[in-house]
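A short reminder: the numbers here are calculations on the coordinates, not readings from a lab. Fair warning: this is a prediction, and the values are worked out from it, not measured in the lab. Cβ placement follows ideal geometry from the backbone for every residue including glycine, while neighbour counts extend to all protein chains displayed.
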Amino acid sequence: MVRARYYPEIAKLLHHALGALDVVVFDHNQRSAQRAARGQAGVRMPVDAAHNDYTPQSGPRRAREILADAGRPTYAGQRMALINVWRPIIGPVQDIPLAVCDARSANPADFIATDIHHFGDDDLEHPRHSGEIYSVVYNPAHRWYYASDMQRDEVLLLKNWDSWADGRASYTPHTGFRNPAAPADARPRESIEVRTLVVYP
């Protein structure tokens, strides 16, 4: 149901919001500490380590793989970006909300290339694919923000790689965090994140 109904909704959203020429929705994950602890297939724990999903090496490689897998043109010379669409399944999100770092407050030295392996639920021995992410080290100059009490009808767009290196931000460092302002009876976070490749006109 997520792939059949939600993927087209996300593609339509990005076409409208970003003026995209093409959108390939290629993956998603759901995060819930309770459901993951019960071993529910396709559900993972929230991430509480600052990171960015791609690097200058892994972003272009992943974009080429996605286009090839989708049978799309190569879009040589077109601007492309890998953008995640993050949304609550249950609102408001008060427990482990998502925070993003203002790219203007980060320095290149804050990003550490880190190997990562992605596994499917049906095979935890052999990765579906391997790549490289950026781990983000602590810097007191970082400025972190979050959208408080996000509801199911709200989304955050996280740009994880941009093919245009023209001075604009190419990454969105992000992480879940333990919210000291969350009430004691806050519902455990449940969220869905859809991964897309956006091609601009």
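Summarising the label geometry, the points placed 7 Å from Cα in the beta-carbon direction at Met1 and Arg38 lie 1.4 nm from one another. Projecting the Cα atoms of Ala70, Met45, Val137 onto the charge dipole of the range 2-199 (Cβ charges, centred on the Cα centre) puts Ala70 farthest toward the positive pole.
Per residue, the chain reaches -4500 deg cm²/dmol at 222 nm when only DSSP H runs of four or more residues are counted, each adding -39500 (n - 2.57). The modelled label-to-label distance for the pair Tyr145/Lys12, using points 7 Å beyond Cα in the direction of Cβ, is 2.9 nm. Between the residues Gln34, Gln94, Pro60, the greatest Cα displacement towards the positive end of the dipole of the range 26-98, with unit charges on the Cβ of Lys, Arg, Asp and Glu, is found for Pro60.
Using the Cα centre of the chain as origin and beta-carbon charges of +1 (Lys, Arg) and -1 (Asp, Glu), tell me which of Tyr146, His174, Tyr7 is placed farthest towards the positive end of the dipole. Of the candidates, Tyr7 comes out farthest on the positive side. For the range 1-71, the share of alpha carbon pairs falling in successive 5 Å distance bins from zero is 3, 13, 15, 18, 24, 17, 9, 2, 0 percent.
Arg195 sits among other residues whose Cβ lies under 11 Å from its own Cβ, and their net charge, with Lys and Arg +1 and Asp and Glu -1, is -2.
Taking the structure as given and computing Rg and Dmax of the Cα atoms in Å, which label from (i) 16.8, 52; (ii) 18.0, 55; (iii) 15.6, 43 fits? Given (i) 16.8, 52; (ii) 18.0, 55; (iii) 15.6, 43, the calculated one carries the label (i). Measuring nothing but how far apart in sequence close Cα pairs (under 8 Å, 6+ apart) lie, relative to its length, the range 2-199 scores a relative contact order of 39 percent.
Remark: spin-label model distance Glu65-Ala165 equals 2.1 nm, labels positioned 7 Å along the Cα→Cβ axis. Simple point charges give the picture: +1 on the Cβ of Lys and Arg, -1 on the Cβ of Asp and Glu, and for the chain a dipole about the Cα centre of about 300 debye.
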